[in-house]
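Below: one structure, written as structure tokens.
The values are calculated or read from the model by the stated rules, or taken from the named source; none is laboratory data. Everything numeric in this text was worked out from a predicted model, so none of it was measured. Cβ placement follows ideal geometry from the backbone for every residue including glycine, while neighbour counts extend to all protein chains displayed.
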Amino acid sequence: MFRWNVAVNGLPLRVWEAFLAGYRAERAIAAINLAAIPYFVAVRQVWIMGLHCGNSGDWGVGWLNGRYFARSLNFLRTWETNEFPS
């Protein structure tokens with residue numbers, strides 16, 4: 001979730017790198033787990049959109065508008081382009 005938070009809030013990549021360095025100072029992370037992080041960031045974005053829509057009966061729908069979906073889908077498109085170049 002930390003990597004998603006850095007990306008979705010437009011924080012500098014060095015914030016993620018510092019977090020990762022601190023984490024690795026305490027425990028190892030297998031390469032396969034590091035490689036999975038970009039996929040989990042994308043899944044997290046889809047999950048949060050589903051959470052928002054699924055709870056619209058309790059939280060309201062006024063903010064679930066075109067701007068919300070455009071921003072969310074643009075994040076996914078940009079993430080795909082940057083993290084999974086062809």
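The table for this structure:
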{"quantity": "Among (1) without any contact (Cβ under 8 Å) to a residue 12 or more places away in the chain; (2) of a type in the set (Val, Ile, Thr); (3) within 20 Å of Phe2 (Cβ to Cβ) - the single one Val61 does not satisfy", "calculated": "(3)"}
{"quantity": "Single match in Gly22, Gly50 (criterion: more than 14 Å from the chain's Cα centre (by Cα) and assigned to a helix (DSSP H, G or I))", "calculated": "Gly22"}
{"quantity": "Members of the range 57-86 that are in a helix (DSSP H, G or I), loosely packed, with under 13 Cβ neighbours inside 10 Å and not hydrophobic (A, V, I, L, M, F, W, C)", "calculated": "Gly57, Asp58, Gly66, Arg67, Arg71, Asn74, Arg77, Thr78, Thr81, Asn82"}
{"quantity": "Count of the range 1-36 residues which are closer than 16 Å to Thr78 by Cβ and of a type in the set (Val, Ile, Thr)", "calculated": "2"}
{"quantity": "Options Arg3, Arg44, Arg71: the member that is of a type in the set (Lys, Arg), without any contact (Cβ under 8 Å) to a residue 40 or more places away in the chain and in contact with a helix residue (DSSP H, G or I) (Cβ under 8 Å, 6 or more places away or on another chain)", "calculated": "Arg3"}
{"quantity": "Some residue of the range 46-53 being surrounded by 12 or more Cβ atoms within 10 Å (Cβ to Cβ), at pLDDT 95 or above, closer than 15 Å to Ala7 by Cβ and not aliphatic (A, V, I, L, M)", "calculated": "yes"}
{"quantity": "Filtered residues of the range 54-81 (kept if under 17 Å from the mean Cα position of the chain (by Cα) and either among the aromatic types (Phe, Trp, Tyr) or modelled with pLDDT under 95 (or both))", "calculated": "Tyr68, Phe69, Phe75, Trp79"}
{"quantity": "Failed item in (1) within 14 Å of the chain's Cα centre (by Cα); (2) surrounded by 11 or more Cβ atoms within 10 Å (Cβ to Cβ); (3) of a type in the set (A, V, I, L, M), with Leu13 passing the rest", "calculated": "(2)"}
